[in-house]
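Got a structure for you, written out below as structure tokens; questions coming shortly.
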Amino acid sequence: MKRIIVFMVMVTYCLFGFSALSLAGDNTWEDISAGLTDVRAILFQEKNPAFLLAGARGGVFKTQDTGKSWRNVLILRGGDIGVNILTLGYPGDNYLYAATDGGLFMSLDKGERWKRIFRGKNYLESKCRALAVFSNNIYLGTGMGLFISNDNGHSWRKARGQIGNSPIYALASDPKEANFLYVAALEGVFRTVDGGEGWKRVFAGKSKDDVETPEEANTGIEEDAKAPRVRFIVCDQSKPGYLYLATNRGVYASRDRGINWEPLSSHGLLSQEIESLMVSSDSRIYAVTKPGIFEYQEGDWRELSLELMVKKVNFLGKNLQGNLYAACDKGLFRLSVTHPKKSERGDIAAFYYKDEPKINEVQQAAVKYAEATPDKIKEWRRKAKMKAILPKLTIGLDSSQSTNYEIYTSATTRYVYDGPDDESRGWDMTLSWELGDLIWNQDQTAIDVRSKLMVELRNDILDEVTRIYFERLRVKMEIDNLSLEERKKRMEKELKLDELSASLDALTGGYFSSMLAGNSNS
């Protein structure tokens, strides 16, 4: 009976006690698909929250009751042809555009009737994957380059340079500069400041989809193993000049319109393979990876998709009411995102830190185990100076031997006299000092080189330990936020927790587990 009571207490604590520690509210996603599948794009109407357009395989679907019912307003026939991008045009909300696998469509009456205004010459040109609209100027990214129209789709021309024949992955526009446009393409990110007349590459990279398309295979471009592969680009509409780039090595940010780039922290991300990004009107950054959806906050990523049971997220959107929408392979889902106060986050962190070794202790253990402490270089420098104080000792030995002969000759007599040998032996000892080494020692050059390598090694170790340490804390939180029914996901998270613990043990020579066991027993 006692065991049953204890078990019930643990279950109650897991279900209710940890809900107060959840970093993402209740993380409950509401399915508003009503039969829709393979949803790829969403479009909101700010004045009417109940109005939604969803782009999916088969066409555009419209709801005016927040997803309770949907109506197919643009029918696309044939295979996997679907809608990839939905956006508003000018003037006002009546003008709508849908970039599809079969060309670009436009509606002048809020999506009731549609007209195709772009049809590519082949399948790759018809595959429209990116779209930006400014008044009568339309920029369309396809599988075979960027197309530009300056008369609202009546006529089209290819962009000049590389992006005129390169696969286009995303377009982003500056909120304050109408002529500033950014293109994420196969060779990197390109920027125009004159409405598409001239282009400059501002981020070099090699981008590749999961399945290599024919146009990529025939480009003849050598992939740089060190260059990140570009996947997506987005502008912060609330902060002019702020750009965010999704790559296979995490998220990069620029605060000066693409002149300089720096990687964002990857703490909390289960994968650095970023598929796409979304920046909301309140400048919150959301990333889509294969493991799920993550929100960036104060240098850390937190997962929002723990209860979202889908295989692929195609698109993210957030309306002014604070609802997050995920267009997925299994339909359309909505989440009301909550953000805990700083005091609440402090209480949560304190709870999970309680039995953990301190981060600085783990870092010191890792550096010590790798023999990369600064004291090692200091000892080398001290011994190099001591070398000048100690003298150089030279010992010499010498030995010589000679034989004496006396030869006498006359008319009648001749003799040779062999005298005694002359022998001499000696030795000497010399002590010398190189006092100049007290000021500068030639060994310092070698020590400086080793010191630089040591600093780089130590920084790499500290970065790796810090990343794994905080990722492990996040996984612990995610496990506690799972319900008892989510056994598969719980097992995956527990395996991830063991993997991260083993990595910290490998970096610290077993110190982490020994400290963890000591803290839990105390």
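None of the figures in this text is laboratory data; all of them are computed from the coordinates on show. Since we're looking at a predicted model, the values are computed, not measured. All Cβ positions, glycine included, derive from the backbone under ideal geometry; neighbour counts span all protein chains shown.
Jot down the radius of gyration and Dmax of the stretch 77-130, Cα atoms only, both in angstrom.
Gyration radius and largest Cα-Cα distance of the stretch 77-130: 11.2, 34 Å.
To the nearest 0.05, what FRET efficiency results for residue 249 and residue 434 with a Förster distance of 56 Å applied to their C-beta separation? Mind dumping the intermediate values first?
Working: r = 50 Å, r/R0 = 0.90.
Efficiency, from the Cβ-Cβ distance: 0.65.
Can you find, among 122, 96, 75, the residue farthest towards the positive end of the dipole of the stretch 72-134? Put +1 on the C-beta of Lys and Arg, -1 on that of Asp and Glu.
Farthest towards the positive end: 122.
So how far apart, in nm, are the two label points at residue 370 and residue 65 if each is 7 Å from Cα heading toward Cβ?
6.1
Label 7 Å along Cα→Cβ of residue 297; the stretch 268-287 residues with amide nitrogen under 18 Å?
268-270, 278-287, by backbone N distance to the label point.
Next question, about the same structure. Stretch residue 48-residue 494 to full length: gain in nm at 0.36 nm per residue minus the Cα-Cα span? Working shown, then result.
Details: separation 446, 0.36 × 446 = 160.56 nm, distance 4.34 nm.
Here the answer is 156.2 nm.
What nm value, rounded to one decimal, do you get for the distance between residue 406 and residue 124 when each label is placed 7 Å out toward the C-beta?
According to this spin-label approximation, the distance is 11.2 nm.
At what distance in nm do the modelled label points of residue 464 and residue 398 sit from each other, each positioned 7 Å from its Cα along Cα→Cβ?
Output for this residue pair reads 6.0 nm.
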